[in-house]
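A quick write-up on the structure given underneath.
What follows draws every value from the coordinates through simple rules; no lab data is involved. For clarity, every value in this text was computed on a predicted model and none was experimentally measured. Neighbour counts run over all protein chains shown; Cβ positions are idealised from the backbone, glycine included.
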Amino acid sequence: MDVLNEIKRLKNIADIGLLYAKDPYDRERYSELFDISLNLLATVTDTPLSKLSDFYLPPTDYPTPKVDVRALVLDEQKHILMARERSDGRWSLPGGWADVGLSPREIAVKEVFEETGLTVEPQHLLAVFDKKCHPHPPQGFYVYKLVILCSYVSGHLQPAHDILDAQFFSIASLPPLSENRILESQVKLVFEKAVSGDLRTYFD
């Protein structure tokens, strides 16, 4: 994980150099650093280089981390709402990448409704996780993960087309988790904060 983080930093340096460098010699060297970083990312994350090349377009603005927003929704028995991802068949707190033009609370509402059919009301920001500080599987992006406590408003469970299932689980019987999206340790941390009333935001 330390090596992966250093590769991401290398790519970030290349991105900033390509964004601001004016000298042709400097731009050539930053382009070379960019290519090296992509090759290393492809190796470490076991991702095809072509896929990384398609995603990582030349920077047009200062590069920053991607933001993932997740919602913690509890029922009256303190069971946790989870969605089963079609991509890997495993479970996660409802959520996804932040959309431009939507606030974090709007994203939480949108993702929960789209993935589970439930309407919720955001209440508190429970945690801001930096993925590098947690043992997620290797990923080519640098990610901050926001977890927002939401209360149930209305609706019935109705999974979306890209979600296999949506159910409530007790903290003692969590299903197999999609660890690229959420870890058991993170679920337990935000759950304990919610049920204990400790609404101070955890952040890395």
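Suppose we flag trypsin sites (Lys or Arg not before Pro) only when DSSP calls them loop and at most 10 other Cβ atoms lie within 10 Å. Which is the longest uninterrupted stretch of the chain? Write down the numbers at each step before the final one.
Values: sites that count: K22, R200.
For trypsin sites (Lys or Arg not before Pro) (loop position, at most 10 other Cβ atoms within 10 Å), the longest site-free span of the chain is 23-199.
Remark: for residue pairs K51/K132; K132/K193; K22/K132, the C-alpha separation exceeds 29 Å in K22/K132.
If you stretched the chain out fully between T43 and Y20, how much longer would it get, using 0.36 nm times the residue separation minus the C-alpha to C-alpha distance?
Taking 0.36 nm per residue and subtracting the Cα distance, the gain is 5.5 nm.
Assuming charge only on the beta carbon of Lys and Arg (+1) and of Asp and Glu (-1), the dipole of the chain about its Cα centre is about 260 debye to the nearest 20. The residue among F169, L125, P24 whose Cα reaches farthest toward the positive pole of the charge dipole of the chain, with charges on the beta-carbon of Lys, Arg, Asp and Glu, is L125.
Only counting other Cβ atoms within 10 Å, I'd like T47, T119, T64 sorted with the fewest neighbours first. Don't jump to the answer; show the numbers that get you there.
Numbers: T47 16, T119 13, T64 9.
Listed from fewest to most nearby Cβ atoms, that is T64, T119, T47.
Our summary of shape: the Cα atoms of segment 2-55 have principal axis extents of 34, 24, 14 Å, ordered from largest down, in whole angstrom.
Charging the Cβ of each Asp and Glu at -1 and of each Lys and Arg at +1, and nothing else, the dipole of segment 2-55 about its Cα centre rounds to 120 debye. Each residue of segment 120-131 is assigned a 3J(HN,Hα), and the resulting list reads 10, 10, x, 10, 8, 7, 7, 7, 10, 9, 9, 4 Hz, derived from the Karplus form 6.51 cos²θ - 1.76 cosθ + 1.60 (θ = phi - 60°), x at Gly and Pro.
Look at the alpha carbon pairs under 8 Å that are at least 6 residues apart: their mean separation over the length of the chain gives a relative contact order of 23 percent. Rounded to the nearest 0.05, the FRET efficiency derived from the C-beta distance between E106 and E32 at R0 = 35 Å is 0.30.
Computed on segment 2-55, with alpha-carbon pairs under 8 angstrom and 6+ residues apart, the relative contact order is 35 percent.
For segment 36-52, the Karplus equation 6.51 cos²θ - 1.76 cosθ + 1.60, evaluated at θ = phi - 60°, returns couplings of 4, 5, 5, 4, 5, 4, 4, 6, 6, 9, 6, 10, x, 4, 4, 5, 5 Hz by residue, with Gly and Pro reported as x.
What does the extension gain come out to for V3 and A172, with contour length at 0.36 nm per residue minus their alpha carbon separation? Let's see the in-between values first.
Numbers: separation 169, 0.36 × 169 = 60.84 nm, distance 3.39 nm.
Length gained, V3 through A172: 57.4 nm.
For segment 61-162, the convex hull spanned by the alpha carbon atoms encloses 126 Å³ per residue.
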